[in-house]
Amino acid sequence: MQGIDRYARLSKLLDYRFKDEGLLEQALTHRSAAKKHNERLEFLGDAVLGMVVADALFARFPTVPEGKLTRMRSTLVKGDTLAEMAKEAGVGELLKLGQGELKSGGHRRSSILADAVEAILGAIYLDDGIDTVRGVILRLWSDRIDRLDPNEHPKDSKTRLQEYLQSRREPLPVYEVVTISGKDHAQTFEVSCTVARLDAPVFGVGNSRRKAEQQAAKETLEKLEHASE
């Protein structure tokens, strides 16, 4: 009975009750907390979400070219969108995290929340198949799909951070490459982002400098917004 109560809010939002609640528990378990964690389910859910959203956009916008469809799909499945949905569902309160992540506020971190949403979708797919998870996704994403404009250009994290700082008349961020590792064809970049209001730089990692800077900007913006709450 305790398990049912614990997941009641999430089940109501999903409009789905797991047959195997162990799958949901795994989907909500971060790698810092246990050996049986949610990364494999996240991998599966990411693929399922991308396919269902792509299929929905293909049907909904029959004359829109591939480039715009790709951009719209990215808007719907990006980490910010998933984290927003996780917060609406109270996913952070349900996460199982290791002590380090708990102390650093991992239950509020957008990347962890977004991964959990993908893992939950992967768990639903395993629990009851593609038709069920498609129905869940289309219900949850229906309003966002309705609001899509094929001609709108979504702002990336660096642009959003810059506008956030400019609106407060604060200095612009400074990005620096900290390390480059790996072979030429598979390099990993670590970039720092420094802003005046934070005591320490924020770091981002990616397989290109641009992606690492975007990740660092995203994490910096989250810290600034959280600090102002």
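Readers should treat all values here as calculations from the given coordinates under stated rules, not as data from a laboratory. These figures come from a predicted structure and were not determined experimentally. When we count neighbours, we look across all protein chains shown, and the Cβ atoms used for this are built from the backbone with ideal geometry, even at glycine.
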**Request:** Whole Å is fine, so just give me how far the alpha carbon centre of region 13-77 lies from that of region 172-202.
**Result:** 29 Å
**Message:** Just to be sure I follow: if Rg is taken over the C-alpha atoms of region 127-175 and Rh is the Kirkwood radius over the same atoms, what is Rg/Rh?
**Reply:** 1.28
**From the coordinates shown, mean projected area of the Cα convex hull in nm² corresponds to which of [x] 14.5; [y] 12.5; [z] 11.4** = [x]
**Item:** Calculated Rg and Dmax of region 157-227 using C-alpha coordinates, Å
**Value:** 12.4, 41
**Prompt:** For a label point 7 angstrom out from the Cα of HIS226 toward its Cβ, which stretches of region 78-95 have the backbone nitrogen within less than 18 Å?
**Reply:** 79-95
**Request:** May I ask you to list the residues of region 155-178 whose amide nitrogen lies under 17 Å from a point 7 Å from Cα along the Cα→beta-carbon direction of LYS78?
**Result:** 155-165
**Complete:** Relative contact order in percent for the chain (Cα pairs under 8 Å, 6+ apart) equals 18 percent
**Fill in**
Computed over the chain: longest principal axis from alpha-carbon atoms vs helix 130-146 long axis, angle to nearest 10 degrees, is 50 degrees
**Asked** For region 119-204, what are the per-bin percents of Cα-Cα distances with bins 10 Å wide, up to the bin holding the maximum?
**Response** 13, 23, 20, 32, 11, 0
**Fill in**
Highest mean packing first, using Cβ neighbours within 10 angstrom, the peptides 136-142, 63-69 sort as 136-142, 63-69
**Request:** Give, in nm to one decimal, the length gained when the segment between SER104 and ASP146 is fully stretched (0.36 nm per residue of separation minus the Cα-Cα distance).
**Result:** 11.5 nm
**Message:** Run lengths n ≥ 4 of DSSP H only: what is the helix-derived mean residue ellipticity at 222 nm for the chain, with -39500 (n - 2.57) per run over all residues, to the nearest 500?
**Reply:** -18500 deg cm²/dmol
**Asked** Nearest 10 degrees, 0 to 90: what angle lies between the long axis of helix 157-167 and the longest principal axis of the chain (Cα atoms)?
**Response** 60 degrees
**Spin-label model distance (nm) - ARG60 vs ASP184, 7 Å beyond Cα toward Cβ** = 4.3 nm
**Fill in**
Taking Cα pairs closer than 8 Å and at least 6 residues apart, the relative contact order of region 157-227 in percent is 28 percent
**Asked** Considering only the chain, what is the antiparallel percent among its DSSP beta bridges, to the nearest 5?
**Response** 90 percent
